[in-house]
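Reading through the structure tokens given below for one structure.
The values are calculated or read from the model by the stated rules, or taken from the named source; none is laboratory data. Owing to the predicted nature of the structure, the values given are computational and were not obtained by experimental measurement. Virtual Cβ from ideal backbone geometry, glycine too; neighbours counted across all protein chains shown. For accessibility, only protein heavy atoms count, side chains too; no ligands or nucleic acids. Shrake-Rupley method; radii C 1.70, N 1.55, O 1.52, S 1.80 Å.
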Amino acid sequence: MGLTILVFAKQVPDTKNVTGKAMKDDGTVNRAALPAIFNPEDLNALEMALELRGRFGGKVIVATMGPPTAANILRHALYMGADETILITDRKFAGADTLATSYTLSCAAKKVGTFDVILCGRQAIDGDTAQVGPQLAEKLDIPQLTYVEEIRDVKGGKLRAKCQIDGGFEVVETPLPALLTVIDANTPRPAGAKRLMQYKKAVTRSELLAKSGGADYEDANRLAEEEKRLKKSNLWIHEWSAADIGADPNRIGLPGSPTKVKNIQSVVLAGGTYKDIPPTEDGIKGLVHDLVAEHILS
Amino acid sequence: MSKKIGNVWVFIEQDGGKIADVSLELVCKGRELADTLGTKVEALLLGHNVKGLCPTLHSLGVDNVFLAEDPRLNQYSPIPYTKVIIEQIKKHKPNIILFGATVAGRSLAPRVASKQLAGLTADCTELRIDSFEDKASGQTLPNKLMQIRPAFGGNIIATIVNSWDDPQMVTVREGVMKMSEAKPGRKGDVTAIKVELDEADCLLQIIERFKEEKSVNLKGAQIIVSGGYGMGSKDGFALVKKFAEAIGAQVAASRAAVDAGWIDHDHQVGQTGVTVRPRLYIACGISGSVQHRAGMAESAKIIAINHDPAAPIFSIAHYGIVGRVEDVLPKFVKAYKGHG
């Protein structure tokens, strides 16, 4: 029978070298200004899911909430070995904080139906909050294990995992279904070359429409045929809107987000106030002398 | 038309009868916020046989401890802890709840926030009370908690406000808030909570547990030598460790060095690490992102060593050495040894 493993991943802006220009006036992030990547710890979660499937059988479904371009990380998930992918996308999701995001993901998980394990990265590098995992577990009323390093065993409807805690670790057993947040403790496999060739053709409905030059009525039949063909070859990335997952409009996006950004302040650095020490033996000797004299160094 | 403001709560994390430092730091910050608001500070203390910790909390300014004692609360577990706390929130309607951003705090706070439908801001580096003009409703809300944190990689500080009903919830890392002086003998109340848990709440079972005291105590260190991505490699980073040993300092690192695997997270200084205030902080090959500076800017003296004169770290340094770290450190050691 095997396990149904659901992985929630996020496409994130590569946060190295971000400047104030990457922020919009309303305080939200202008993602277009940055290269987008697969959130690193979500890759660890996907790797753990694929290993789990390897050990116990079953299937791995990867879902992400994001703009249409987030389909790119779903294709990457297919290259790595995912069985099925879902893009949860709608303009109405924009501006979501962690509470609205976890609600949205919980609606998607419910639409998937039954699952045994949900895996996600511990945190996303664009916010580092680590909040969405536990919030999603609560919304689905299932237990959570956080900072998971390794799954030890799955047996009799229970899962045993090793989790990091402050100053050590715990081995915890949970009944299934459960949600696990995963840390950087495995090495995500690279994209398979064969799979890459095969799945680079995987598309969402919107991408198929765009490729076909728009949704002309005359083409409707042809598009339906094409969709059927893609689904049959497993090249179909499901695309779910807010309505598709039955989300309450008041609980998603900005309206569903209690936290508001009051203001964003760019930190202006006043430079040149430090004492310049030349990198020479004499220069450094003088510095050490001063530090010792001031009892800063002893 | 001012409505009654709820109290300021602090979640007290304890393990084996020892309170986490960050919880004590948050009690002190909570006291300050409560004094501004004219409310009480109350602590949420969950565990087994932990009543003896109450006087410590009172001495730091807690007016009332909500005490939940039960063998099933001995170790942190998300579902029972959330259930106990949610019941108290519904009953007493606190204005603010502060959590330490520990592994347990980062599991518990979001679970509680989700259940309560409350906003939650992670890793705040500053908290204060101010008014907030809510553009959505057109109302100005007085006495809101300003949740301030560096955001998003660059030199950006965001002020975040929970625009929904209370509680306003945040997490804060260890060392960010300063301890104030304890007043031994300061009196406070203890309110015992009747713990009601079902079997269905206690599904998680801890099979094995290993925990040791942290091997590093950066918070208490007087002299810190810290290495960044500019050290180039694990071998390069070893120079930082050697240098620290030579001058009797503790070793720290920026996030980039930790992420690169050159040293473990216990040594990380910054927004998502620990905040330090040593007598001397020597930053080696650290560019000085706002997140890193948040964790060390209050050091008494800062020496920055970096080959890039434009590195932001120089803007907060007292002494700057523009040069290659691997050239500068041996000269420093030589001068230091020559002195003694």
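Being part of a loop (DSSP other than H, G, I, E, B), in contact with a strand residue (DSSP E or B) (Cβ under 8 Å, 6 or more places away or on another chain), β-branched (Val, Ile, Thr) and in contact (Cβ under 8 Å) with a residue 12 or more places away in the chain narrows it down to one of A:Ile142, A:Ile151, so name that one. After applying the criteria, what remains is A:Ile142. Take A:Glu207 and decide whether it is open to solvent by 20 Å² or more (accessible area, probe 1.4 Å), at the interface with another protein chain (Cβ under 10 Å from one of its Cβ atoms) and assigned to a helix (DSSP H, G or I). No: the conditions fail for A:Glu207.
The set of residues in segment B:79-107 being within 21 Å of B:Gln168 (Cβ to Cβ), of a type outside the set (A, V, I, L, M), open to solvent by less than 20 Å² (accessible area, probe 1.4 Å) and assigned to a helix (DSSP H, G or I) consists of B:Tyr81, B:Thr82, B:Gln88, B:Gly105, B:Arg106, B:Ser107. The sole residue among B:Arg277, B:Arg209 that is within 14 Å of chain A (Cβ to nearest Cβ) and either open to solvent by less than 10 Å² (accessible area, probe 1.4 Å) or over 30 Å from B:Ile86 (Cα atoms) (or both) is B:Arg277. Scoring B:Asp130 on the criteria (1) facing chain A (nearest Cβ under 8 Å); (2) open to solvent by 10 Å² or more (accessible area, probe 1.4 Å); (3) without any contact (Cβ under 8 Å) to a residue 24 or more places away in the chain; (4) outside any loop (DSSP other than H, G, I, E, B) leaves a single failure, condition (1).
So that you can scan it fast, the table gives a plain yes or no per residue for (1) open to solvent by less than 60 Å² (accessible area, probe 1.4 Å); (2) modelled with pLDDT under 95; (3) under 21 Å from B:Phe99 (Cβ atoms); (4) away from chain B (no Cβ under 11 Å):
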residue	(1), (2), (3), (4)
A:Gly127	yes, yes, yes, no
A:Ile151	yes, no, no, yes
A:Cys163	yes, no, yes, no
A:Val171	yes, no, no, no
A:Val182	yes, no, no, yes
A:Arg189	no, no, no, yes
A:Arg195	no, no, no, yes
A:Arg222	no, yes, no, yes
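Of the residues screened, A:Ala96 is one that is in a loop (DSSP other than H, G, I, E, B), closer than 30 Å to B:Ala136 by Cβ, modelled with pLDDT of 95 or more and within 15 Å of the chain's Cα centre (by Cα). B:Phe237 passes every criterion in (1) more than 12 Å from chain A (Cβ to nearest Cβ); (2) closer than 22 Å to B:Phe11 by Cα; (3) open to solvent by less than 90 Å² (accessible area, probe 1.4 Å); (4) among the hydrophobic types (A, V, I, L, M, F, W, C) apart from (2). Within the set A:Gly95, A:Gly81, A:Gly121, A:Gly113, the sole residue that is free of Cβ contacts under 8 Å to residues at least 60 places away in the same chain and either away from chain B (no Cβ under 14 Å) or not aliphatic (A, V, I, L, M) (or both) turns out to be A:Gly113.
Matching residues to (1) over 30 Å from A:Pro177 (Cβ atoms); (2) not in a helix (DSSP H, G or I):
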residue: B:Glu181; (1), (2): yes, yes
residue: B:Ile206; (1), (2): no, yes
residue: B:Glu213; (1), (2): yes, yes
residue: B:Gly220; (1), (2): yes, yes
residue: B:Ile224; (1), (2): yes, yes
residue: B:Phe237; (1), (2): yes, no
residue: B:Ala246; (1), (2): yes, no
residue: B:Val258; (1), (2): yes, no
residue: B:Ile263; (1), (2): yes, yes
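Scanning segment B:112-121 for residues that are on the phi > 0 side of the Ramachandran plot and within 12 Å of another protein chain (Cβ to nearest Cβ) turns up at least one hit.
Every residue, every condition in (1) of a type outside the set (Asp, Glu); (2) surrounded by 15 or more Cβ atoms within 10 Å (Cβ to Cβ); (3) touching a residue at least 60 places away in the same chain (Cβ under 8 Å); (4) farther than 30 Å from A:Asp97 by Cβ, yes or no:
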| position | (1), (2), (3), (4) |
| --- | --- |
| A:Tyr199 | yes, yes, yes, yes |
| A:Gly213 | yes, no, no, yes |
| A:Lys231 | yes, no, no, yes |
| A:Trp236 | yes, yes, no, yes |
| A:Ser241 | yes, no, yes, no |
| A:Val261 | yes, yes, yes, no |
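Residues in segment B:280-307 that are part of a loop (DSSP other than H, G, I, E, B), more than 11 Å from chain A (Cβ to nearest Cβ) and open to solvent by less than 40 Å² (accessible area, probe 1.4 Å): B:Gly285, B:Ile286, B:Gly295, B:Met296. If A:Lys59 satisfies every condition in (1) assigned to a strand (DSSP E or B); (2) open to solvent by 30 Å² or more (accessible area, probe 1.4 Å); (3) within 14 Å of chain B (Cβ to nearest Cβ) but one, which is the exception? So A:Lys59 meets the others, but not (3). Do we have any residue at all in segment B:197-204 that's in a strand (DSSP E or B) and more than 8 Å from chain A (Cβ to nearest Cβ)? Taking every residue of segment B:197-204 in turn, none turns out to be in a strand (DSSP E or B) and more than 8 Å from chain A (Cβ to nearest Cβ). Mind checking whether some residue in segment B:251-263 is closer than 26 Å to B:Lys214 by Cα and among the hydroxyl-bearing types (Ser, Thr, Tyr)? Yes, the conditions are met somewhere in segment B:251-263.
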